[in-house]
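Below is one structure, written out as structure tokens, with a few remarks after it.
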Amino acid sequence: MKLFRRLLISALWLLLSLSAAGVLAVIGAALYFAPGLPDVRQLQGYELQTPLRIYTRDDKLIGEFGEERRKPVDFETVPQDMVQAFLAAEDARFFEHFGVDPKGLARAAVELVFSGGDIQSGGSTITMQVARNYLLTLDRTFTRKIREILLSLQMEQILSKQEIFELYVNKIYLGQGAYGIAAAATTYYDKPLAELSLAEKAMIAGLPKAPSALNPLSNPERSLIRRNWILYRMRELGYIDQSAYDRAVKQPITAREQTTRVEVEAPYVAEMARQFAVERFGDTAYTGGYRITTTLDSKLQTDARQALIQGLIDYDRRHGWRGAEQAGIPPSLVEAQDNTQQEGLEEELAESDEIIKTARQAAQSSEIKVAGIDGDVSNWLKVLERTPDLGPLQPAIVVSTDERQMQVLTKQAKLVTLDWTGLKWARDYKSPKWRGEVPANAAAIAERGSLVRILETDDGWRLSQKPGTEGAIVALDPKNGAIRALQGGFSFAASSFNRVTQAQRQAGSIFKPFIYLAALQEGNMTAATVVNDAPVVMSDMGGSWRPENAEGEFQGPTRLRVGLYESRNLVTIRVLQTLGLDKALRFLERFGFAEDRLPNGLSLALGSASLSPLEMANAYAILANGGFKVSPWYIQRVEKTGEQQPLLEYTPQVACRDCSTEADEVGIDGKRYPLAPRVVDPQALYILRDILRDVIERGTGRGALDLERSDIVGKTGTTNDQRDAWFSGFNNQLVATVWVGKDNNESTGEYGSQAALPIWKLFMRQALKGTPEIVPERPAGIVTARIDPDTGRRLQDDQPGGIEEIFRESNLPDYEPQRIDSELEDSSGSQGTGTYEAIF
């Protein structure tokens with residue numbers, strides 16, 4: 001008994017000694033490492049690396065840039081069962097311990113002893129992981145573990161458990177470029193956290209241990225085992241009951257690679273905003289949590305993109321089939337390897353039989369079968385996988401042709417049948433204005449193993465191809481110049497060149513309205529002024545120049561109104577010559593056209609200036625808003641995570657027809673905006689707009705009558721050899737410009753009314769649906785008078801016939817003829833001899 005008592009006392013003293021030694025060891029470690037520890041308090045205001053995100057004005061995501069995709073969340077927004085899944089996976093006693101779990105550390109200590117001093121499992125709590133991820137390096141050493149423990153003890157004194165957990169789930173890497181649980185939910189399931197199933201939450205909770213090895217996309221089998229183990233732990237810890245466990249473990253893996261995370265396709269504007277952010281913030285643009293809100297309208301952007309894509313596909317179909325993108329692709333990897341060896345394309349294969357053998361064995365082990373196709377199609381699927389979609393055009397490989405049917409394989413490993421309605425359009429392309437006969441059968445179009453494009457329509461699948469012609473569309477709010485929609489080409493994936501802002505193309509006839517407006521305002525001309533539409537030879541171009549009308553015909557004396565809506569080249573040239581180049585150039589500067597970029601010659605009248613679609617759209621916005629100078633803009637607001645106020649909020653100048661001429665700002669929706677300056681006389685502009693309505697009613701823009709709206713006006717444009725096709729049009733609410741052409745400046749073979757106007761119509765039909773028709777009120781000082789349509793002179797009240805025309809009251813034509821002779825001679829060398837107001 002005495003012996004037992006002595007042994008007990010000795011054991012107690014030993015335990016006390018060991019405990020004291022442990023306490024002394026902790027104190028000693030704290031004293032030793034404390035001076036070099038980071039300040040835990042910095043976690044209270046820690047700024048996570050968050051990617052640059054670009055949005056429409058109605059908060060739809062259009063772009064995200066940065067290596068770390070992250071969407072920070074608050075603890076309160078994390079579903080309870082997701083919190084429990086992470087506790088089951090990482091730290092079941094998180095809400096109980098003081099930052100360090102003695103049981104876990106004891107286990108880690110044992111592993112440390114038997115590993116010769118190398119850290120194995122670590123025994124880290126969630127608090128310790130936060131300390132490591134935010135404040136320390138990731139090296140697995142004993143000293144780092146001590147620092148981690150000390151920081152965790154400090155952290156628990158400063159931060160709440162909820163704050164620590166929030167830091168944890170927002171920082172951790174979860175594979176596929178996703179940082180934090182919200183980004184992972186989008187990356188793997190394309191859902192917000194609240195919509196995840198229990199099984200999906202458990203799957204994400206299993207990722208921190210090994211984001212690559214346990215990834216459901218790269219290693220579904222191991223990820224399933226990990227997920228089910230977490231569900232088992234949740235049941236054992238009492239977080240879920242047996243029935244919930246049974247349902248969850250039976251669920252298949254639902255993770256899918258998300259091809260896009262954007263809500264609205266606007267890649268050209270997203271790239272513009274990215275460049276702006278980098279210029280403004282440098283490399284921190286990608287990590288600083290910046291949010292840029294653009295002026296884009298999500299609906300209008302979608303409408304514009306679809307209209308351009310559809311219009312270019314329709315154009316391409318009209319001009320014929322240019323052949324498969326690639327022919328003779330072998331179906332299997334084995335055959336592909338054999339071809340590579342025979343063709344000698346890979347020198348290392350030709351040099352080594354062993355490498356050839358290894359490559360063929362690897363190919364054979366990758367054999368893939370698809371229902372409905374005999375044999376291995378592994379190479380076809382590999383080719384399709386690396387071939388990107390171009391807009392709605394999907395890559396496919398021809399499997400078989402049978403008379404008037406074609407079977408193709410898609411990258412989803414599905415067989416699609418194209419019937420004759422989707423094939424017969426594929427007549428051989430010969431030139432922009434010539435194509436071959438209708439193909440005899442499907443085999444005449446493409447053979448087995450050809451890479452083609454297919455398009456899904458309401459009538460089924462159809463053969464297609466990447467258009468050989470490019471295009472651009474931009475829409476502005478004419479009241480303030482805000483860009484509401486912009487698509488800079490058929491496919492950003494195929495070409496990031498933004499044709500709206502970067503392409504400098506000859507404007508053609510869409511430039512003519514500005515010459516006519518200058519004549520109406522600065523040249524004392526009227527819509528009834530008669531101009532001689534006759535051939536001329538000019539010598540002011542460094543040689544002889546013989547301009548012609550598009551049809552090669554001439555009409556003789558022509559009223560200015562008719563000259564514009566019929567787009568008569570010779571009429572416009574004579575108008576500019578009479579007005580004078582210097583006066584015209586000064587006037588054109590009011591619309592944002594830089595004089596040094598405009599030709600200083602009469603070819604200016606025909607739109608020989610090279611301008612971007614955005615420049616033309618902005619000029620037309622001034623016509624649409626009543627003559628106020630606005631400028632295009634697209635950055636509405638820039639914000640930064642954690643900042644209460646925007647870093648930048650743009651306040652544009654606004655057009656206001658009803659504002660006092662003495663006012664310098666106007667209130668809109670509780671905000672004050674500076675007034676845009678008026679640069680055009682409203683009377684002259686009203687007359688021009690009335691003439692542009694005739695472009696739609698009886699001129700080159702008659703196709704727009706399909707829209708059945710009385711408030712739209714516009715102008716077509718076509719340049720020499722039909723290299724550029726344009727249409728610019730507007731109403732009071734929206735202005736849009738469309739350009740179609742080839743990047744190599746070859747002919748399109750179509751006029752603006754054929755190539756560009758249909759795209760404009762597709763867009764405006766959707767954009768203006770449900771909006772009221774608002775025709776501008778006639779300004780004071782505009783009167784109507786009857787004129788002789790042949791001479792342009794005003795008729796007396798007692799004279800019969802004639803037509804009505806509108807004039808500025810101060811500029812009515814005389815009853816008696818008044819002649820204005822130009823020094824410009826016609827082709828015969830004689831001066832015009834009319835007896836009425838005319839320009840010859």
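Apart from one condition, Thr143 fits all of (1) at pLDDT below 90; (2) within 26 Å of Glu76 (Cβ to Cβ); (3) in a helix (DSSP H, G or I); the exception is (2).
A Cβ distance below 6 Å, combined with a sequence gap of six or more or placement on separate chains, defines the contacts here; from segment 147-163, residues that are touching a residue at least 40 places away in the same chain (Cβ under 8 Å) and of a type in the set (D, E, K, R) reach residues that are buried (at least 20 other Cβ atoms within 10 Å of the Cβ) and part of a loop (DSSP other than H, G, I, E, B) in the pairs Glu156/Gly99. Can you tell me which residues in segment 49-70 are in a loop (DSSP other than H, G, I, E, B) and under 27 Å from Arg484 (Cα atoms)? Pro51, Thr56, Arg57, Asp58, Asp59, Lys60, Gly66 - these are the residues of segment 49-70 that are in a loop (DSSP other than H, G, I, E, B) and under 27 Å from Arg484 (Cα atoms). For Pro395, are the conditions met, namely being modelled with pLDDT of 90 or more, over 15 Å from Ala324 (Cβ atoms) and surrounded by 15 or more Cβ atoms within 10 Å (Cβ to Cβ)? Here the answer is no, as Pro395 does not meet what is asked.
Regarding Val630, is this residue of a type outside the set (Asp, Glu) and not in a loop (DSSP other than H, G, I, E, B)? Considered against the rule, which asks whether it is of a type outside the set (Asp, Glu) and not in a loop (DSSP other than H, G, I, E, B), Val630 comes out as no.
Conditions tested, residue by residue: (1) without any contact (Cβ under 8 Å) to a residue 12 or more places away in the chain; (2) farther than 30 Å from Asp814 by Cα; (3) of a type in the set (D, E, K, R).
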| residue | (1), (2), (3) |
| --- | --- |
| Ser464 | no, yes, no |
| Pro467 | no, yes, no |
| Asp533 | no, no, yes |
| Val536 | no, no, no |
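In segment 519-591, counting only helices (runs of 4 or more DSSP H) that sit wholly within it, none holds 3 or more residues that are more than 42 Å from the chain's Cα centre (by Cα) and of a type in the set (Val, Ile, Thr).
Residues that are more than 28 Å from Arg291 (Cβ to Cβ) and in contact (Cβ under 8 Å) with a residue 60 or more places away in the chain within segment 72-87 comprise Asp81, Gln84, Ala85, Leu87, listed in sequence order. As a summary of the residue check, Arg499 satisfies the conditions (1) in contact with an Asp or Glu (Cβ under 9 Å, 6 or more places away or on another chain); (2) outside any strand (DSSP E or B); (3) farther than 30 Å from Glu649 by Cα except for the one numbered (3). Does Ala485 satisfy the condition of being under 30 Å from Ser631 (Cβ atoms) and in contact with a helix residue (DSSP H, G or I) (Cβ under 7 Å, 6 or more places away or on another chain)? Taking the combined requirement at face value, the residue satisfies it. Gly468 falls short on exactly one of the conditions (1) surrounded by fewer than 24 Cβ atoms within 10 Å (Cβ to Cβ); (2) not in a loop (DSSP other than H, G, I, E, B), and that condition is (2). Got at least one residue in segment 211-228 being surrounded by fewer than 14 Cβ atoms within 10 Å (Cβ to Cβ) and basic (Lys, Arg)? For segment 211-228, residues surrounded by fewer than 14 Cβ atoms within 10 Å (Cβ to Cβ) and basic (Lys, Arg): absent. As for segment 502-518, it holds at least one residue that is buried (at least 22 other Cβ atoms within 10 Å of the Cβ), on the phi > 0 side of the Ramachandran plot and not hydroxyl-bearing (Ser, Thr, Tyr).
Considering only residues in segment 592-627 that are hydroxyl-bearing (Ser, Thr, Tyr) and not in a helix (DSSP H, G or I), the one that is farthest from the chain's Cα centre (by Cα) turns out to be Ser608.
For first residues located in segment 232-260 and on the phi > 0 side of the Ramachandran plot and among the charged types (D, E, K, R), partners that are surrounded by fewer than 17 Cβ atoms within 10 Å (Cβ to Cβ) and outside any loop (DSSP other than H, G, I, E, B) and lie 6+ apart or on another chain with Cβ distances below 7 Å do not occur. It is to be established whether one or more residues within segment 719-732 are surrounded by 15 or more Cβ atoms within 10 Å (Cβ to Cβ), more than 16 Å from Ala507 (Cα to Cα), out of contact with any helix residue (DSSP H, G or I) (no Cβ under 6 Å at 6 or more places or on another chain) and of a type in the set (D, E, K, R). Taking every residue of segment 719-732 in turn, none turns out to be surrounded by 15 or more Cβ atoms within 10 Å (Cβ to Cβ), more than 16 Å from Ala507 (Cα to Cα), out of contact with any helix residue (DSSP H, G or I) (no Cβ under 6 Å at 6 or more places or on another chain) and of a type in the set (D, E, K, R). Looking only at segment 737-776, residues that are in a strand (DSSP E or B) and either polar (S, T, N, Q) or out of contact with any helix residue (DSSP H, G or I) (no Cβ under 6 Å at 6 or more places or on another chain) (or both) come to 2 in all. One residue stands out in segment 177-186 among those that are more than 15 Å from Gln258 (Cβ to Cβ) and buried (at least 24 other Cβ atoms within 10 Å of the Cβ): the one that is modelled with the lowest pLDDT, namely Tyr179. Counting the residues of segment 703-723 that are assigned to a loop (DSSP other than H, G, I, E, B) and over 20 Å from Ser747 (Cα atoms) gives 5.
If the condition is being modelled with pLDDT of 95 or more, over 33 Å from the mean Cα position of the chain (by Cα) and aromatic (Phe, Trp, Tyr), then segment 400-438 contributes only Trp420. Of all residues in segment 444-459, those that are in contact (Cβ under 8 Å) with a residue 40 or more places away in the chain and on the phi < 0 side of the Ramachandran plot have Cβ atoms under 7 Å from Cβ atoms of residues that are among the polar types (S, T, N, Q) and surrounded by 20 or more Cβ atoms within 10 Å (Cβ to Cβ), 6 or more apart or on another chain, in Arg453/Gln394; Arg453/Ser464; Arg453/Gln465; Ile454/Gln394; Ile454/Ser464; Leu455/Ser464. If you go through segment 187-203 one residue at a time, do you hit one that is surrounded by 21 or more Cβ atoms within 10 Å (Cβ to Cβ), touching a residue at least 40 places away in the same chain (Cβ under 8 Å) and in contact with a strand residue (DSSP E or B) (Cβ under 9 Å, 6 or more places away or on another chain)? Yes, some residue in segment 187-203 is surrounded by 21 or more Cβ atoms within 10 Å (Cβ to Cβ), touching a residue at least 40 places away in the same chain (Cβ under 8 Å) and in contact with a strand residue (DSSP E or B) (Cβ under 9 Å, 6 or more places away or on another chain).
The values are calculated or read from the model by the stated rules, or taken from the named source; none is laboratory data. Quick caveat, the model's predicted, so the values are computed rather than measured. Quick reminder, even Gly has a Cβ in these numbers, built from the backbone with ideal geometry, and neighbours come from all protein chains shown.
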